[in-house]
Amino acid sequence: MHELGVTESIAGIVLRHARMNGAKRVLKVNIKLGELTGIVDHYVAFYWDMVTKDTVAEGAELNFIKVPTMARCARCEEDFHIQEYDLTCPRCGEIASDIVSGREFLVESIEIE
Amino acid sequence: MDIEVLEGVFDANEKIARENEELFRSRGVLAVNLMASPGAGKTSLVIRTLELLRGKLRIGVIEGDIASSVDAEKVKSQGVPVVQINTGGVCHLDAAMIRQALDHLDLAALDLVIIENVGNLVCPAEFKLGEGLRAMILSVPEGHDKPLKYPLMFSDSQVLVVNKTDLLGMGDFDMDELRSTVLRMNPRVAIFEVSCRTGEGLQDWADWLEERARENLKGVDEGST
């Protein structure tokens, strides 16, 4: 729902790093996106062209690296992919797992020329 | 040329949220981020909570709305300090808005600040405000299937208040199903069943919240000695 604001934040980060590195053009932006964030990547891509118009990032490809929601069982330490947000450990049945990934949302790297 | 960035998209918000958190902590104030969809009963729960904790805790309220001060006026009639934030179309509160609101609240004179977030089951969950407690409401007419459709808020809240229990039996809301779904997602969440209309169940919620605020105060006292 707030993909526009989020896209502006991404553009801010990308343009700052592009400037710091004297980029003439940004070719690609690698974004880590956790499943649990609820951010819809194609909406971000949709706003991206609008937000970066007339900047060095105009036309840059957005590459989303999806991070699955993983949990670790507090009892048997099994790591498992959460299906339907069920934290029940598939190995021992304990329901006391901690979510260890899936909340990521970061600009990992950019490719510039 | 590849450039490593490793910068979180929410980093700017989270930095301010940490500053807010420190501000609340240093004044011994428990900040509660109260989230729910529109019409779930956020303002009603705030008002009922103020009534039940009157004379027990010093409470301030931050009202977040996209527009209007309808809710703030209602809360103000309870005789507590209220700050209204109008987000001007933004679908959630963020840490910077709270920072600005805090200029208008005397934290030294408060034990508990209830922040009523914008009515929305999605976006508020992604923006930390610097709260010590994340609370959410689900109301019976919304249905027991909401946790699976809006998982982040249900996964991240420390307490879930199920409101409008006076309407149980009028639809197909299944409380057992709701509890088991939520507890599979968030095993440590505290769940209260209440009706802000009849008052049923509210005392347990208020007692629990008072206890959390007192623990928070105790933490500050111990930290300062």
HN-Hα J in Hz across region B:212-219 - Karplus 6.51, -1.76, 1.60, θ = phi - 60°, x for Gly and Pro: 4, 5, 5, 4, 4, 4, 4, x
Ascending count of other beta-carbon atoms within 10 Å, so fewest first, for B:Ser69, B:Ser44: B:Ser69, B:Ser44
Rg followed by Dmax, in Å, when region A:1-79 is reduced to its Cα trace: 15.7, 54
As computed over region B:12-213, the Cα convex hull volume per residue (Å³): 113
Distance (nanometres) between label positions extended 7 Å along Cα→Cβ at B:Ser68 and A:Asp86: 4.2
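Once Rh is set to the Kirkwood radius over Cα pairs, what Stokes-Einstein translational diffusion coefficient, in µm²/s, holds for region B:110-219 at a temperature of 4 °C and a viscosity of 1.567 mPa s? List each step's numbers first, then the result.
Working: Rh = 14.8 Å.
The estimated diffusion coefficient comes to 88 µm²/s.
Sort A:Lys53, B:Lys74 so that the residue with the fewest other Cβ atoms within 10 Å of its own Cβ comes first and the one with the most comes last.
Values: A:Lys53 10, B:Lys74 15.
So the residues, fewest neighbours to most, are A:Lys53, B:Lys74.
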Low-density loop cleavage sites - GluC sites (Glu not before Pro) in region A:1-77, where at most 15 other Cβ are within 10 Å (DSSP): A:Glu58, A:Glu77
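Given the convex hull over the Cα atoms of region A:56-113, what projected area results after averaging over all orientations, in nm²? It would help to have the intermediate numbers written out before the result.
Numbers: hull surface 20.9 nm².
Dividing the Cα hull surface by four gives the mean projection, 5.2 nm².
To one decimal place, what Kirkwood hydrodynamic radius in Å is obtained for the protein assembly as shown from all pairs of distinct Cα atoms?
Working: mean 1/r = 0.0465 Å⁻¹.
Here the Kirkwood hydrodynamic radius works out to 21.5 Å.
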Those residues of region A:36-57 whose amide nitrogen sits under 12 Å from the label point placed on A:Glu113, 7 Å along Cα→Cβ: none
Kirkwood Rh in Å, taken over region B:83-152 so that all alpha-carbon pairs contribute: 13.8
Exposure proxy order (Cβ contacts within 10 Å, fewest to most) of B:Ile66, A:Ile13: B:Ile66, A:Ile13
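For region B:124-193, which trypsin sites (Lys or Arg not before Pro) are in a loop by DSSP, counting at most 12 other Cβ atoms within 10 Å? Present the calculation step by step, with values, prior to reporting the outcome.
Details: sites: B:Lys128, B:Arg134, B:Lys149, B:Lys164, B:Arg179, B:Arg184, B:Arg188; in loops: B:Lys128, B:Lys164, B:Arg188.
Here the trypsin sites (Lys or Arg not before Pro) that fit, given the DSSP loop and packing criteria, are B:Arg188.
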Residue pairs, from the table A:Lys32/B:Lys149; B:Lys164/B:Lys218; B:Lys42/B:Lys149; B:Lys15/B:Lys164; A:Lys28/B:Lys15; A:Lys53/B:Lys15, whose Cα atoms sit over 31 Å apart: B:Lys164/B:Lys218; B:Lys15/B:Lys164
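Laboratory data are not the source of any read-out in this text; all were calculated from the coordinates shown. Keep in mind that this is a model prediction, so the values were computed, not measured. Here Cβ is always computed from backbone atoms with ideal geometry, including for glycine, and neighbour counts include all displayed protein chains.
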